[in-house]
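Just below is one structure, and these are the notes that go with it.
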Amino acid sequence: MLINRFLRRGFCTAVARPWLFVGLGNPGDKYKGTRHNVGFEMIDAFAESQGISMNTVHCKATFGQGFVGDAPVLLAKPQTYMNLSGESTGPLAAYYKLPLNRVLVFHDDMGLPCGVLRLRHNGGHGGHNGLKSVMNNFRGNREFARLRIGIGRPPGQMDPKAFLLQKFNAIARERDISFDCIIVFYGLLS
């Protein structure tokens, strides 16, 4: 926590500015493993791969911090539910005085086939209510990166909301995108 004090107050210039990685999802066991929670799952996979504990609560988010090499990283899973994710993300970025080019939000995307990752440096919300909330809490600013995680489209006439809250089947789970995601993070941090 000593590093937090120095980063917040701007006393330490030798330490690189941290990255804030935010995974969007819904809290609780009811939503664990659903398509809408792939953002949470990516944070968990990354934290585990780096030995970062996600055991504190900060700004309405399950939170962890650590380093990847020399780069400080802050990991967050907002506990506000998807549609209010900005209520956690905005205050976190403000608390650490981070410019938006040091924020990366990962979220589910029905516009991409299941398992496909797409990194965007900015853009709109594409109808994603979690991203809308984040943008609103960044005062409309869209200049933050997002990792879109493909979950595919609902089959037939299935209600999209029901599809989002459905758990992945075994075939969809077969493609382990967490490894691909970790490679993306390393590319950003180097």
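The values are calculated or read from the model by the stated rules, or taken from the named source; none is laboratory data. All values derive from a computational prediction rather than experimental measurement. Don't worry about glycine lacking a Cβ; one is built from the backbone with ideal geometry, like all the others, and counts go over all protein chains shown. What goes into the accessible areas is simple: the full protein's heavy atoms, side chains included, and nothing from ligands, DNA or RNA. Shrake-Rupley method; radii C 1.70, N 1.55, O 1.52, S 1.80 Å.
With the structure loaded, tell me whether residue 127 is at pLDDT below 90, open to solvent by less than 30 Å² (accessible area, probe 1.4 Å), on the phi > 0 side of the Ramachandran plot and not hydrophobic (A, V, I, L, M, F, W, C) or whether it fails that test. It is false that residue 127 is at pLDDT below 90, open to solvent by less than 30 Å² (accessible area, probe 1.4 Å), on the phi > 0 side of the Ramachandran plot and not hydrophobic (A, V, I, L, M, F, W, C). Cβ-Cβ under 9 Å, sequence separation 6+ or interchain: first residue in the range 131-151 and among the hydroxyl-bearing types (Ser, Thr, Tyr), partner open to solvent by 50 Å² or more (accessible area, probe 1.4 Å) and in a helix (DSSP H, G or I). Which pairs? Pairs found: 133/83; 133/84; 133/87. Taking the criterion of being basic (Lys, Arg), out of contact with any Lys or Arg (no Cβ under 8 Å at 6 or more places or on another chain) and farther than 20 Å from residue 78 by Cβ, no residue of the range 117-150 qualifies.
For the residues 185, 144, the requirement of being at pLDDT below 90 and in contact with a strand residue (DSSP E or B) (Cβ under 8 Å, 6 or more places away or on another chain) singles out 185. Within the range 65-89, the set of residues being in contact (Cβ under 8 Å) with a residue 40 or more places away in the chain and among the hydrophobic types (A, V, I, L, M, F, W, C) comprises 68, 71, 73, 74, 75, 76, 82, 84.
Taking the criterion of being out of contact with any strand residue (DSSP E or B) (no Cβ under 8 Å at 6 or more places or on another chain), modelled with pLDDT under 95 and assigned to a helix (DSSP H, G or I), would at least one residue in the range 53-71 satisfy it? No, the range 53-71 contains no residue that is out of contact with any strand residue (DSSP E or B) (no Cβ under 8 Å at 6 or more places or on another chain), modelled with pLDDT under 95 and assigned to a helix (DSSP H, G or I).
Return the residues of the range 92-107 that are open to solvent by 20 Å² or more (accessible area, probe 1.4 Å) and either more than 21 Å from residue 123 (Cα to Cα) or in contact with a Leu (Cβ under 7 Å, 6 or more places away or on another chain) (or both); say none if nothing qualifies.
As a first pass, look at the range 92-107 and keep what is open to solvent by 20 Å² or more (accessible area, probe 1.4 Å): 94-95, 97, 99-102.
Result: 95, 97, 102.
Among the conditions (1) open to solvent by 10 Å² or more (accessible area, probe 1.4 Å); (2) in contact (Cβ under 8 Å) with a residue 40 or more places away in the chain; (3) more than 16 Å from residue 40 (Cβ to Cβ), residue 168 misses just one, which is (3). Pairing residues of the range 90-117 that are under 30 Å from residue 154 (Cβ atoms) and among the acidic types (Asp, Glu) with residues that are in a loop (DSSP other than H, G, I, E, B) and open to solvent by less than 10 Å² (accessible area, probe 1.4 Å), at Cβ distances under 9 Å and at least 6 apart in sequence or on separate chains, gives 108/24; 108/25; 108/151; 109/151. If you go through the range 48-65 one residue at a time, do you hit one that is under 22 Å from residue 151 (Cβ atoms), touching a Gly at 6+ places or on another chain (Cβ under 8 Å) and among the hydrophobic types (A, V, I, L, M, F, W, C)? No, because not a single residue in the range 48-65 is under 22 Å from residue 151 (Cβ atoms), touching a Gly at 6+ places or on another chain (Cβ under 8 Å) and among the hydrophobic types (A, V, I, L, M, F, W, C). Checking each residue in the range 110-124 for being farther than 14 Å from residue 145 by Cβ and either open to solvent by 10 Å² or more (accessible area, probe 1.4 Å) or at pLDDT 90 or above (or both) picks out 110, 111, 112, 113, 114, 116.
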